Amino acid sequence: MLTAANVSDAGSGSRLIEVSDANQSYTGMIVARSASECFIVDQFGRQAQLPIANLKSFKVVSEDFRPASQNGFRRMLEAELGPEYEFATSKHYVVGGVRGHSRSYAALFEEIFNQVDSFYSLRGFRTSDPETPMIALVLKDQAAFKKYCEGDQMTWSDGLRGYYSLRSNRVVMYEQAELFQ
């Protein structure tokens, strides 16, 4: 049986670790822990909150955790969403969207990032760039968005136009032409 001390020792610093419970394995970096839980972030920024008592195995894979590159994120999203979507990158984002619109959405998300960063910087908060690219998915229509919500265990309603998932570290929304009129 693993203890918080075992997880604490192996999760020190920015090590790449692998832990397993009865159902699956998780590979990433421990970003927070308590006596009963640890939080792991994988190379794509996805988070898992794991009860330490449920962990069956644990090992250090590498002394150095490295997040995926923008190209790594892009390849993952291309495999996930398929050829119907195109992908654009900006300084902070990888955006998957309907063909012909992903660059516009990337610029929009970058503008929002800069506005939020400025808001906090002007008020004396120290800000820094994220360690991994942020992901934004702009699905083709409300039906595709609803299906995605169901698969992501997000409660869908007619008024929901988008959301951020802490678990998957993604912004997900559907095509809204009025944003660019």
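Quick notes
- For Thr127 and Ala143, the difference between the fully extended length at 0.36 nm per residue and the C-alpha to C-alpha distance is 2.1 nm.
- Model label sites at Ser157 and Ala79, defined 7 Å from Cα along the beta-carbon direction, differ in position by 3.6 nm.
- Available extension along the chain between Ser20 and Glu37 is 4.8 nm, counting 0.36 nm per residue and deducting the alpha carbon span.
- Solvent-accessible area per residue in the chain equals 58 Å², computed with a 1.4 angstrom probe and all protein chains kept.
- Derived from the Cα gyration tensor, the three semi-axes of the equivalent ellipsoid of the chain are 32, 20, 16 Å, largest first.
- A simple count of charges around Lys146, restricted to other residues whose Cβ falls under 14 Å of its Cβ and scoring Lys, Arg +1 and Asp, Glu -1, yields -2.
- Simple spin-label estimate for Ile112 and Lys56 gives 4.0 nm between the two label positions (7 Å along the Cα-to-Cβ direction from each Cα).
- In order along the stretch 14-20, phi translates into HN-Hα couplings of 10, 6, 8, 10, 10, 10, 9 Hz, rounded to whole numbers, per the Karplus curve 6.51 cos²θ - 1.76 cosθ + 1.60 with θ = phi - 60° and x for Gly and Pro.
- Carbon plus sulfur fraction of accessible area for the chain, probe 1.4 Å, in percent: 50 percent
- Length-normalised contact order of the chain in % [C-alpha pairs under 8 Å, at least 6 apart]: 17 percent
- For the stretch 115-181, the share of DSSP beta bridges that are antiparallel, to the nearest 5, is 45%.
- Partner lysines for Lys147 [C-alpha distance under 24 Å; skip if fewer than 8 residues away on the same chain]: none
- Charge tally around Ser25: other residues with Cβ under 14 Å, Lys/Arg +1 each, Asp/Glu -1 each, net 0.
- Our helix-only sum for the chain, with -39,500 (n - 2.57) per DSSP H run of n ≥ 4 divided by its residues, gives a mean residue ellipticity at 222 nm of -8500 deg cm²/dmol.
- Taken over the stretch 118-181, the percentage of Cα pairs per 10 Å bin, counting from 0 up to the bin with the maximum distance, is 18, 39, 27, 16, 0.
- Highest-MSF residue in the chain out of Ser165, Ser128, Ser102 [GNM, Cα springs under 10 Å]: Ser128
The values are calculated or read from the model by the stated rules, or taken from the named source; none is laboratory data. Keep in mind the model is a prediction, meaning the values are calculated, not measured. Neighbour counts are summed over all protein chains in view; Cβ atoms, including those assigned to glycine, are modelled from backbone coordinates with ideal geometry. When the accessible area is computed, the model is the full protein with side chains, heavy atoms only, and any ligands, DNA or RNA have been set aside. Shrake-Rupley method; radii C 1.70, N 1.55, O 1.52, S 1.80 Å.
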